[in-house]
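Note sheet for the following structure.
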Amino acid sequence: MKRLAIITTHPIQYYAPLFRLLNERKNISIRVFYTWEKKAASFDRDFKRVVEWDIPLLEGYDHQFVSNEGSLRTDFRGVKNPGLIREIEEWGAEAILVFGWNYYSHLKAMRYFSNRIPVFFRGDSTLLDEVPGLKKIVRRIFLRWVVYRQVDLALYVGENNKNYFLANGLQEDQLVFVPHAIDNARFSDRDGKHEAQAQKRRKEFGIKEKDITFVFVGKFQAKKDPLLLIRAFQQVDNARTHLLLVGDGILEQLLKTEAGENRNIHFLPFQNQSYMPVIYRIGDIFCLPSGGPGETWGLAVNEAMACGRPVLVSDHCGCAADLVINGRNGYSFISGDQDDLVEKMRNLLGNDLALKEMAAASQKIIEEWSFDRATAAIEKVTSEYA
């Protein structure tokens, strides 16, 4: 059985199920090498506090935390693990998969193992935030000759990510599609319990049965642009329409001030993962208005679609090119353009049948964006190249 060492910074809720499934299928052997210290792994730098997820992140697969002498910041020198290469070699890795190059230890491992064993790379960067000029040219040269020259295969997550790899020197035959996925099954509702809880919460907010509710889930920060969503919602000005914003962050007070006395705008604080299938169902339509920089995908869109919700997504979100089919399961809108967002919101209102068809389309589309497909692709490249 081929041995694949996976290098990533810390346990997160989106990758743990992928690692467990790779272990359960037993087509390859994996060990995950976490490069942040365990004690720092749960500290969220945007929320400025420790986040204890209520779903297991370290169960069901082989892993270890590698001693880190860096500062534990999210910059390049914040992750320095002198023993990482030795520990990977002692485990007997026949290939490595690196999540993100922009840490000292990650890039060092890529350069060390290049031409020794296959080096696979996973990242979700896009060209959406690129600005023309000298800085762009210098960065392209650096990425092409210092970073991606070390990579045998890049496991791209979607179309925008693929274009990024092609622009930075990788060839078509070096790119393998490994979809950005969430645990779709966890967001399903076969027994109707999530829907029942959601209906109860809607009543608590004063949302009537025929009312339409837009829901935003995420950090209240400039990148996500929830302020644009509030302003667009107020411009729509429909008494039978509600907006629910779920999260925490630096913009919270500004958002509540902007909402003012509008009784159709509701707030909920950060909710843990086990309750998210209910949260998405409180809404009828999910909206992610992110303008970036750095909204490389937007996995909340996957989650909302797995809950059977139409989606309204900024074209500056990495996932929009893959997951949003205009008029079929929702719409994408021009990032930062309030008038375009208002137009798309109005398009979604007033046609209950269309919303039901879009909801079904979302669930159908997201079935292809699964951990089963992702694990099969990782197993295939490991078996063929290692």
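The values are calculated or read from the model by the stated rules, or taken from the named source; none is laboratory data. Since this is a predicted model, take the numbers as computed values, not measurements. For neighbour counting, all protein chains shown are included, and Cβ atoms are generated from backbone atoms with ideal geometry for every residue, glycine included.
Could you go through the stretch 292-299 and let me know if any residue there is more than 15 Å from the chain's Cα centre (by Cα), modelled with pLDDT of 95 or more and surrounded by fewer than 23 Cβ atoms within 10 Å (Cβ to Cβ). Outline the logic, then answer.
Of the stretch 292-299, the ones more than 15 Å from the chain's Cα centre (by Cα) are none.
There is no residue in the stretch 292-299 that is more than 15 Å from the chain's Cα centre (by Cα), modelled with pLDDT of 95 or more and surrounded by fewer than 23 Cβ atoms within 10 Å (Cβ to Cβ).
Here is a list of conditions, (1) farther than 27 Å from Asp129 by Cβ; (2) outside the structural domain of Glu130 (by TED's automatic domain parsing), and Lys380 meets all of them except one; can you say which number that is?
Against the list (1) farther than 27 Å from Asp129 by Cβ; (2) outside the structural domain of Glu130 (by TED's automatic domain parsing), Lys380 comes up short only on (2).
Take the conditions assigned to a helix (DSSP H, G or I), touching a residue at least 40 places away in the same chain (Cβ under 8 Å) and either in contact with a Leu (Cβ under 7 Å, 6 or more places away or on another chain) or at negative phi (or both) and apply them to Arg31. Does it pass? Give the derivation first.
Values: assigned to a helix (DSSP H, G or I): no; touching a residue at least 40 places away in the same chain (Cβ under 8 Å): yes; either in contact with a Leu (Cβ under 7 Å, 6 or more places away or on another chain) or at negative phi (or both): yes.
Considered against the rule, which asks whether it is assigned to a helix (DSSP H, G or I), touching a residue at least 40 places away in the same chain (Cβ under 8 Å) and either in contact with a Leu (Cβ under 7 Å, 6 or more places away or on another chain) or at negative phi (or both), Arg31 comes out as no.
Being more than 21 Å from Asp322 (Cα to Cα) and touching a strand residue (DSSP E or B) at 6+ places or on another chain (Cβ under 9 Å) is the filter here; which residues of the stretch 177-207 pass it?
Of everything in the stretch 177-207, those that are more than 21 Å from Asp322 (Cα to Cα) and touching a strand residue (DSSP E or B) at 6+ places or on another chain (Cβ under 9 Å) turn out to be Arg201, Arg202, Phe205, Gly206, Ile207.
Would you check which residues across the stretch 106-122 are under 20 Å from Asn161 (Cα atoms) and buried (at least 19 other Cβ atoms within 10 Å of the Cβ) and list them?
Applying the first criterion (under 20 Å from Asn161 (Cα atoms)) to the stretch 106-122 yields 106-107, 110, 119-122.
Once the filter is applied, which keeps residues that are under 20 Å from Asn161 (Cα atoms) and buried (at least 19 other Cβ atoms within 10 Å of the Cβ), the stretch 106-122 yields His106, Met110, Val119, Phe120, Phe121, Arg122.
Give, as residue ranges, the helices (runs of 4 or more DSSP H) completely inside the stretch 60-168 that count at least 2 residues that are under 30 Å from Ser290 (Cα atoms) and not hydroxyl-bearing (Ser, Thr, Tyr). Write out each step before concluding.
Working: elements: 84-91, 104-113, 134-142, 159-167.
Result: 104-113, 134-142, 159-167.
So, in the stretch 250-271, of the ones that are within 23 Å of the chain's Cα centre (by Cα) and under 19 Å from Glu204 (Cβ atoms), which residue ends up surrounded by the fewest Cβ atoms within 10 Å (Cβ to Cβ)? Spell out the reasoning first.
Step one: filter the stretch 250-271 for residues within 23 Å of the chain's Cα centre (by Cα), giving 250-252, 267-271.
Then drop every residue that is not under 19 Å from Glu204 (Cβ atoms), which leaves 267-271.
Details: Phe267: 15, Leu268: 17, Pro269: 8, Phe270: 16, Gln271: 15.
Here the residue is Pro269.
Has the stretch 252-266 got at least one residue that is outside the structural domain of Arg122 (by TED's automatic domain parsing), assigned to a helix (DSSP H, G or I) and under 24 Å from Tyr14 (Cα atoms)?
Here is the first cut: in the stretch 252-266, the residues outside the structural domain of Arg122 (by TED's automatic domain parsing) are 252-266.
Narrowing further to those that are assigned to a helix (DSSP H, G or I): 252-259.
After this cut, where a residue has to be under 24 Å from Tyr14 (Cα atoms) as well, the list is none.
Looking through the stretch 252-266, none of the residues is outside the structural domain of Arg122 (by TED's automatic domain parsing), assigned to a helix (DSSP H, G or I) and under 24 Å from Tyr14 (Cα atoms).
Among the numbered criteria (1) in contact with a Phe, Trp or Tyr (Cβ under 6 Å, 6 or more places away or on another chain); (2) surrounded by fewer than 20 Cβ atoms within 10 Å (Cβ to Cβ), which one does Asp211 miss?
Among (1) in contact with a Phe, Trp or Tyr (Cβ under 6 Å, 6 or more places away or on another chain); (2) surrounded by fewer than 20 Cβ atoms within 10 Å (Cβ to Cβ), Asp211 violates only (1).
For the stretch 269-386, which fully contained strands (runs of 3 or more DSSP E) count at least 2 residues that are among the small types (Gly, Ala, Ser)? Even if it seems obvious, please write down each step before you answer.
Working: elements: 285-288, 311-314, 330-333.
Here the list reads 330-333.
Within the stretch 269-302, can you find the residues that are out of contact with any Leu (no Cβ under 8 Å at 6 or more places or on another chain) and aliphatic (A, V, I, L, M)?
Scanning the stretch 269-302 gives Met276, Val278, Leu299.
For the stretch 220-239, which positions are within 15 Å of Ala300 (Cα to Cα) and of a type in the set (A, V, I, L, M, F, W, C)?
The one that is within 15 Å of Ala300 (Cα to Cα) and of a type in the set (A, V, I, L, M, F, W, C): Phe220.
From Tyr331, Tyr385, grab the single residue that is of a type outside the set (S, T, N, Q), under 30 Å from Leu22 (Cα atoms) and touching a strand residue (DSSP E or B) at 6+ places or on another chain (Cβ under 8 Å). So that I can check it myself, show each step before the final result.
Values: Tyr331 fails: under 30 Å from Leu22 (Cα atoms).
Going through Tyr331, Tyr385 in turn, the sole match is Tyr385.
Evaluate the following for Asp173: is it touching a Pro at 6+ places or on another chain (Cβ under 7 Å) and of a type in the set (Asp, Glu)? Outline the logic, then answer.
Values: touching a Pro at 6+ places or on another chain (Cβ under 7 Å): no; of a type in the set (Asp, Glu): yes.
No: the conditions fail for Asp173.
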